[in-house]
Amino acid sequence: MFVDVHTHLTHERFTGDLPDVIERAKSAGVHSIVCNGLDPESNRTVLQLSETYPEVLAALGIYPIQAIHSLLDESYGGEKITAFDVNAEIQFIREQSLQKNIVAVGECGMDGYWASEGTFAEQERVFRELVQISIDANIPVIVHSRKLEKRTLEVLASMEAPKVIMHCYCGKVKWAIQYANSHGFHFSIPANAAKNGNFIKMLKELPPERVLTETDAPYLAPVRGERNEPANVVGTVEFWAELTGVSLEDKAKVVQDNFSRLFDSPPSANSKTKQ
Ligand SMILES: [Zn+2]
């Protein structure tokens, strides 16, 4: 059994054949697909998909660039963003967590690639609000940290977030190992791991109990230019097994156990609900 903790099945590249994509994942043994929202529209679609497909699990979030869309200036060169009320969306995500309609908060985090320094304080404010929702609901938070990896790790550590999944982490490997050991943070490795020195190093050096698998589909395909899909997480586990000289079954079980520990545990007695 395999898991994909970070996908975007709401992307328009899946509109034509999503049932086939999910069928291929199931045939490959991928039974849990955590679909991540980015903004109000994709968050609502994520909820619908999780009701339609038993394998699809809902994570709601606000992408860091979406979170500061009102502060972007002419220098911003990324995809067009439709304006929305960020604080209302944070509240919506909190309500969904209280109603137990979601298994995680994400995608959220901080980005220093698409946005400039003047936006970092507001990015961090929104990120902290979302992390707090995950802490209160005792569910994982799935984190984007591009070009602000160290700061993102520090924020999570300072909040003592207990269930952290760093998605497609591209910071220094020594920081990953440090935070995996000292704070129990998890790192989900994408399907293109075999082509990336950082991910190879992480698969070799991270404590195995902190490793998870993801695709970020439709992005980050193992074959450049192709559309990625959840079935491709199997290749990452195969690669990890080869790399470490362990059987595929053993490595698949490690990832499965890590996933279960994070996603299946009952809400803790002291998790508090805020108004
Ligand atoms: Zn993503």
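The values are calculated or read from the model by the stated rules, or taken from the named source; none is laboratory data. Values in this document were obtained by computation on a predicted structure and should not be read as measured data. We place every Cβ from the backbone using ideal geometry, glycine too, and count neighbours over all the protein chains shown. With ligands, DNA and RNA removed, areas are computed over all heavy atoms of the protein, side chains included. Shrake-Rupley method; radii C 1.70, N 1.55, O 1.52, S 1.80 Å.
The C-beta contact set for region 101-113 (first residue free of Cβ contacts under 8 Å to residues at least 40 places away in the same chain, second residue more than 14 Å from the ligand (Cβ to nearest atom), distance under 8 angstrom, 6+ apart or interchain) comprises 112/120; 112/147; 112/148; 113/147.
Residues in region 207-220 that are at pLDDT 95 or above and open to solvent by 10 Å² or more (accessible area, probe 1.4 Å): how many? Explain how you work it out, then say what you get.
Keep residues of region 207-220 that are at pLDDT 95 or above, which gives 207-219.
Narrowing the set further to residues that are open to solvent by 10 Å² or more (accessible area, probe 1.4 Å) leaves 207-210, 216, 219.
Total meeting the criteria: 6.
Of all residues in region 85-98, those that are open to solvent by 80 Å² or more (accessible area, probe 1.4 Å) have Cβ atoms under 8 Å from Cβ atoms of residues that are part of a helix (DSSP H, G or I), 6 or more apart or on another chain, in 98/137.
Is it true that residue 33 is touching a helix residue (DSSP H, G or I) at 6+ places or on another chain (Cβ under 6 Å) and either away from the ligand (no atom under 14 Å from the Cβ) or among the charged types (D, E, K, R) (or both)? So residue 33 fails the test.
May I ask you to say which residue of 82, 45, 52 is within 16 Å of the ligand (Cβ to nearest atom), under 22 Å from residue 12 (Cα atoms), open to solvent by 30 Å² or more (accessible area, probe 1.4 Å) and not charged (D, E, K, R)? Talk me through it step by step, then tell me what you get.
Numbers: 82 fails: within 16 Å of the ligand (Cβ to nearest atom); 52 fails: within 16 Å of the ligand (Cβ to nearest atom).
Going through 82, 45, 52 in turn, just one is within 16 Å of the ligand (Cβ to nearest atom), under 22 Å from residue 12 (Cα atoms), open to solvent by 30 Å² or more (accessible area, probe 1.4 Å) and not charged (D, E, K, R): 45.
What are the residues in region 163-191 that are in a loop (DSSP other than H, G, I, E, B), closer than 19 Å to residue 259 by Cβ and within 14 Å of the chain's Cα centre (by Cα), if any? I'd like the intermediate steps shown before the answer.
Going through region 163-191, the residues in a loop (DSSP other than H, G, I, E, B) turn out to be 163, 168-172, 184-185, 190-191.
Then drop every residue that is not closer than 19 Å to residue 259 by Cβ, which leaves 163, 168-169, 184-185, 190-191.
Result: 163, 168, 169, 185, 190, 191.
Checking each residue in region 18-39 for being open to solvent by 40 Å² or more (accessible area, probe 1.4 Å) and of a type in the set (D, E, K, R) picks out 20, 23, 24, 26. Count of region 192-213 residues, restricted to those that are touching a Pro at 6+ places or on another chain (Cβ under 8 Å) and in a helix (DSSP H, G or I), is 3. Scanning region 125-150 for residues that are within 16 Å of the chain's Cα centre (by Cα) and of a type in the set (Asp, Glu) turns up just one, 149.
Filter region 226-247 down to the residues that are more than 16 Å from the ligand (Cβ to nearest atom) and under 22 Å from residue 23 (Cα atoms), then identify the one that is most open to solvent (accessible area, probe 1.4 Å). Outline the logic, then answer.
Just the residues of region 226-247 that are more than 16 Å from the ligand (Cβ to nearest atom), to begin with: 226, 231, 234-235, 237-247.
From what's left, under 22 Å from residue 23 (Cα atoms): 226, 231, 234-235, 237-238.
Numbers: 226: 105, 231: 21, 234: 22, 235: 35, 237: 2, 238: 84 Å².
If we take residues in region 226-247 being more than 16 Å from the ligand (Cβ to nearest atom) and under 22 Å from residue 23 (Cα atoms), then 226 is most open to solvent (accessible area, probe 1.4 Å).
Would you point out the residue of region 142-162, among those that are outside any helix (DSSP H, G or I) and in contact with a strand residue (DSSP E or B) (Cβ under 7 Å, 6 or more places away or on another chain), that is surrounded by the most Cβ atoms within 10 Å (Cβ to Cβ)?
Taking region 142-162 as the starting set, the residues that turn out to be outside any helix (DSSP H, G or I) are 142-148, 159-162.
Checking the rest, the ones that are also in contact with a strand residue (DSSP E or B) (Cβ under 7 Å, 6 or more places away or on another chain) come to 142-145, 161.
Working: 142: 29, 143: 34, 144: 25, 145: 24, 161: 21.
Residue satisfying both the conditions and the ranking: 143.
The listed residues are 139, 135, 165, 200, and the only one of them that is open to solvent by less than 20 Å² (accessible area, probe 1.4 Å) and among the β-branched types (Val, Ile, Thr) turns out to be 165.
Of all residues in region 168-188, those satisfying the criterion of being open to solvent by 10 Å² or more (accessible area, probe 1.4 Å) and among the hydroxyl-bearing types (Ser, Thr, Tyr) are 179, 182. Within region 159-181, residues that are over 22 Å from residue 35 (Cβ atoms) reach partners that are among the small types (Gly, Ala, Ser) and surrounded by fewer than 23 Cβ atoms within 10 Å (Cβ to Cβ) with beta carbons closer than 8 Å, at six or more positions or on different chains, in the pairs 162/184; 179/157.
This table checks each residue for (1) among the small types (Gly, Ala, Ser); (2) away from the ligand (no atom under 16 Å from the Cβ).
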| site | (1), (2) |
| --- | --- |
| 1 | no, yes |
| 14 | no, no |
| 20 | no, yes |
| 26 | no, yes |
| 61 | yes, no |
